[in-house]
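Have a look at the structure below, then the notes.
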Amino acid sequence: MVLIRSIYRQLLRHSIFVCFLCTVLILGSSLIYFLGDDENKVLDFSEYDDKITFWSNDYHISPIRDLKHLLTPLDVRFIDKSLSGSCITDTCAKDLFVLSTLNGMNPNKSIRKQFYEFYKDDPLMNRVDAFVCFHPVAMCELFMSFNRTIIVIASTRYELGRFSVNEWNEWNRNLRTIASNPRNVVAANNLYDAEYIRYFTGINTTVLPSMCAYTNVHYQSVNMRPEFIFFPSHGDSHFNEQFLDELNFSLKKSHASIIVKPLRKLYKFYSYSDIIRHPGIIYLPYQVSTMSLFEQYTMNIPLFFPSIDLLTMWHLKYNIIYDRTWDKALTGKGKHHSIIPPYDLNTTIPDPNNEFDHSSIYYWLKYADFYQWPYITYFNSIDDLALKLITTNLTYISEQMSTYNHRKHLKLLDDWKIILDRISTSSTFIKKKKKKTHYKIK
């Protein structure tokens with residue numbers, strides 16, 4: 001028994017020593033990794049070596065998510081260091097240096113220079129073939145010094161983050177510089193923003209629409225829930241209530257069994273698979289283009305909007321399209337004119353930021369997504385909406401949307417293939433392919 005106890009004590013001491021030694025080795029290895037043993041720390045970036053690679057620092061997760069879904073099957077790679085508060089874990093900019101959520105929306109010249117100096121010889125950055133900016137597009141000012149392809153695709157008014165006269169004018173000059181290089185792209189994901197950029201810069205801005213096929217679900221005409229979903233304006237909340245009350249009254253007069261409920265009365269949180277189970281969506285739009293609308297259209301959900309005449313009248317009276325201009329969205333007060341003049345001083349096109357002129361609002365609203373896309377149902381009054389909710393062949397509408405979306409997808413892929421072909425023949429990409437696949441951090 002004494003011998004057994006002695007052996008046990010020896011084994012116990014040995015086990016404790018082995019555990020201690022293992023702990024030291026683990027901690028030592030961790031310190032080497034995190035503190036940087038230059039001789040041992042080697043990162044493998046080979047997945048980017050022979051693939052076109054995009055870099056993104058957006059404040060909005062959906063546009064870049066959509067582009068990834070569209071182009072990854074074409075062998076494009078993405079380095080997504082999102083500054084959005086809604087970023088998904090593997091896209092958040094947790095290892096981004098110099099730039100942050102606090103300074104990224106409008107980095108001053110000192111920050112831009114620091115960013116370039118830090119990343120100009122970075123082995124990962126040296127794999128980047130193009131920078132893409134959606135939200136804000138002015139983020140691309142940060143990347144001009146890198147001498148790579150710059151792809152600007154506005155998903156909202158392009159002066160976001162450049163609200164002073166001097167900042168906006170400087171951004172216009174830089175954007176024209178970007179546009180002057182044929183390797184670059186200046187675009188918007190909607191016609192409204194393309195025409196808006198043209199108005200202030202003179203740049204012939206193309207449209208590269210979002211597809212948002214990442215939802216991976218489509219409208220179902222079977223096992224449908226009874227409620228139409230109402231998406232209210234961000235403007236006059238009393239008018240939202242009045243609209244819904246009058247619509248329900250009109251439906252009741254028609255002895256219709258149709259139910260209409262606001263989105264947030266139906267769901268606190270919702271999934272794409274939730275909303276495809278409703279007959280359709282009724283909008284009082286707060287914006288002329290949104291990623292949610294792209295998603296819903298691609299899911300082939302029947303959509304109901306006020307006619308352009310009705311929406312113009314309601315906007316003048318109730319501020320329906322509240323986020324159309326930055327002045328209204330940020331301060332709650334619209335203006336009669338923009339703070340900078342148009343590019344063409346002799347233009348007869350009305351000011352897009354005039355919130356008080358009927359002809360200006362009407363002119364610019366015609367470029368809104370919901371007045372550009374086919375198979376959207378328009379109503380001229382609340383009674384007209386009630387009638388169309390009762391009589392519209394929703395299944396037919398959804399089928400037509402599906403056909404249109406297929407054609408749109410093919411056209412969009414063709415447009416992007418032209419851009420990718422141009423990048424693949426650039427000197428930057430050809431030079432990158434010749435480099436080694438492993439780099440040591442200096």
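The values are calculated or read from the model by the stated rules, or taken from the named source; none is laboratory data. A quick note: this is a predicted structure, and the numbers were derived from the prediction, not measured. For neighbour counting, all protein chains shown are included, and Cβ atoms are generated from backbone atoms with ideal geometry for every residue, glycine included. Please note that ligands, DNA and RNA were not included when accessible areas were found on the heavy atoms of the full protein model with its side chains. Shrake-Rupley method; radii C 1.70, N 1.55, O 1.52, S 1.80 Å.
In a reduced charge model with +1 at each Lys and Arg Cβ and -1 at each Asp and Glu Cβ, the stretch 143-268 shows a dipole moment near 360 debye about its Cα centre. Among Phe304, Phe45, Phe228, whose mean-square fluctuation peaks in a Gaussian network model of the chain (Cα, cutoff 10 Å)? Evaluated over the chain, the most mobile residue of the options is Phe45. Residues of the stretch 379-397 falling in the label zone of Ile308, defined by backbone nitrogen less than 15 Å from a point 7 Å along Cα to beta-carbon, are 379-380. Measuring r between the beta carbons of Ser257 and Asp327 and using R0 = 41 Å, the FRET efficiency lands at 0.40. Using the Cα centre of the chain as origin and beta-carbon charges of +1 (Lys, Arg) and -1 (Asp, Glu), tell me which of Asn57, Thr391, Ala138 is placed farthest towards the positive end of the dipole. Of the candidates, Asn57 comes out farthest on the positive side. Note on Gln114 and Asn166: with the Förster distance fixed at 25 Å, the Cβ-Cβ geometry gives a FRET efficiency of about 0.70. Taking a ≥ b ≥ c as the square roots of the eigenvalues of the Cα gyration tensor, an a/c ratio of 1.5 or more together with a/b larger than b/c marks the stretch 290-384 as prolate.
Across the options Ser210, Ser221, Trp416, the greatest Cα extent toward the positive end of the charge dipole of the chain (unit charges at beta carbon of Lys, Arg, Asp, Glu) belongs to Trp416. If you roll a 1.4 Å probe over the stretch 46-182 with all protein chains in place, what percent of the accessible area is carbon or sulfur? Here carbon and sulfur together make up 50 percent of the probe-accessible area. Three principal axis extents of the chain based on alpha-carbon atoms, in descending order, are 97, 68, 40 Å.
Say R0 is 45 Å: what FRET efficiency, to the nearest 0.05, do Asn346 and Arg277 get from their beta-carbon distance? Mind showing how you got there, number by number?
On the way: r = 53 Å, r/R0 = 1.17.
The pair Asn346/Arg277 has a calculated efficiency of 0.30.
Using C-alpha pairs under 8 Å with a sequence gap of at least 6, the mean separation divided by the residue count of the chain gives a relative contact order of 17 percent.
Between His336 and His358, the simple spin-label model (points 7 angstrom out along Cα→Cβ) gives 1.8 nm.
Taking the Cα centre of the stretch 47-117 as reference, the dipole from Cβ charges on Lys and Arg (+1) and Asp and Glu (-1) amounts to some 360 debye. With protein chains left intact and a 1.4 Å probe, residues in the chain average 50 Å² of accessible area per residue. Counted over the chain, the DSSP beta bridges are approximately 10% antiparallel.
How much of the accessible area of the stretch 228-342, probe 1.4 Å, is carbon plus sulfur, in whole percent? Could the numbers behind the result be given before it?
Numbers: 2720 of 5020 Å².
That share works out to 54 percent.
Pairs Lys252/Lys388; Lys68/Lys94; Lys411/Lys431; Lys253/Lys317; Lys94/Lys328: which are spaced more than 23 Å apart, C-alpha to C-alpha? In this structure, Lys411/Lys431; Lys253/Lys317; Lys94/Lys328 exceed 23 Å between Cα atoms. Among the chymotrypsin sites (Phe, Trp or Tyr not before Pro) found in the stretch 366-438, not one is both in a DSSP coil and sparsely packed, with 12 or fewer other Cβ atoms within 10 Å of its Cβ.
Taking the stretch 298-341 and a reference point 7 angstrom along Cα→Cβ of His238, the backbone N atoms nearer than 12 Å belong to 318. Dipole of the stretch 160-256 computed with +1 at Lys/Arg Cβ and -1 at Asp/Glu Cβ about the Cα centre; of Leu244, Trp171, Pro232, farthest Cα towards the positive end is Trp171. In this Cβ point-charge picture (+1 for Lys and Arg, -1 for Asp and Glu), the chain has a dipole of about 1420 debye about its Cα centre. One chain, two ends: Leu74 and Thr395. Fully extended at 0.36 nm per residue, the span grows by 112.3 nm beyond their Cα-Cα distance.
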